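Chemist: One structure coming up, written as structure tokens, with questions to follow.
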Amino acid sequence: MSQTEEKEENVDVERAVKFFQALSDFSKQSPGPITELLYDVVNALDDMIIVKDELGKELGHHAGELKALMRIIWNHHKFEAVQQMLAETEVLSDLMDTIAKLAKAYYMIRSNENAPLEGVKDLIDDATSTLYRIVDYIMYSAVDDP
């Protein structure tokens, strides 16, 4: 790698870190838009999986589970108590990582006719596991702290 390429890569990494930090800071104050981004990314990924017949057969169940979890968050994200939980540092970080994984899965499918099924499935499964943790946290926190 040349020095010019290395400098460009460092600039890209620095820009990505700044963007992630700014989005995180914004979302701590206003978590609604990050939930809307999750909604949009999950629906775009689901639509892409449906369009690709073979992927629909292989990943339909995984996408359905993901969509159900996203719906639970979406249907309750306007409540102040849920917004406060979504804005907590650890939850917000998990939410942003989930969005990044799902966006990556979408990109892999969209940009490659022969996307590696196992890689896409792993991203979706990781995101689903994280959303289960978030939903679990919200449900138990709401019960413990009425």
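The values are calculated or read from the model by the stated rules, or taken from the named source; none is laboratory data. In this text the structure is predicted, and so the values were computed from the model without any measurement. Positions of Cβ are generated from backbone atoms using ideal geometry, with glycine treated the same way; all protein chains shown enter the neighbour counts.
Chemist: Among residues belonging to the range 89-127 that are polar (S, T, N, Q) and within 17 Å of LEU37 (Cβ to Cβ), point out the one that is surrounded by the most Cβ atoms within 10 Å (Cβ to Cβ). If you could, list the steps in order and put the result at the bottom.
Modeler: Initial filter on the range 89-127 (polar (S, T, N, Q)): 89, 93, 98, 111-112, 114.
Then drop every residue that is not within 17 Å of LEU37 (Cβ to Cβ), which leaves 93, 98.
Numbers: SER93: 14, THR98: 25.
The residue in question is THR98.
Chemist: Which residue is modelled with the highest pLDDT, if the candidates are limited to the range 95-111 and must be farther than 24 Å from HIS77 by Cα and of a type in the set (Ser, Thr, Tyr)?
Modeler: Residue satisfying both the conditions and the ranking: TYR107.
Chemist: Six or more apart or on different chains, Cβ atoms under 7 Å: show the pairs whose first residue is in the range 47-71 and among the basic types (Lys, Arg) and whose second is surrounded by 16 or more Cβ atoms within 10 Å (Cβ to Cβ).
Modeler: Close Cβ pairs satisfying both conditions: LYS52/ILE109; LYS67/VAL42; LYS67/ASP46.
Chemist: Right, here's the next one. List pairs: first residue in the range 1-26 and part of a helix (DSSP H, G or I), second residue loosely packed, with under 10 Cβ neighbours inside 10 Å anywhere in the structure, Cβ distance under 9 angstrom, at least six positions apart or on different chains.
Modeler: Pairs that qualify, where the first residue is part of a helix (DSSP H, G or I) and the partner is loosely packed, with under 10 Cβ neighbours inside 10 Å, are GLU9/MET1; SER24/THR89.
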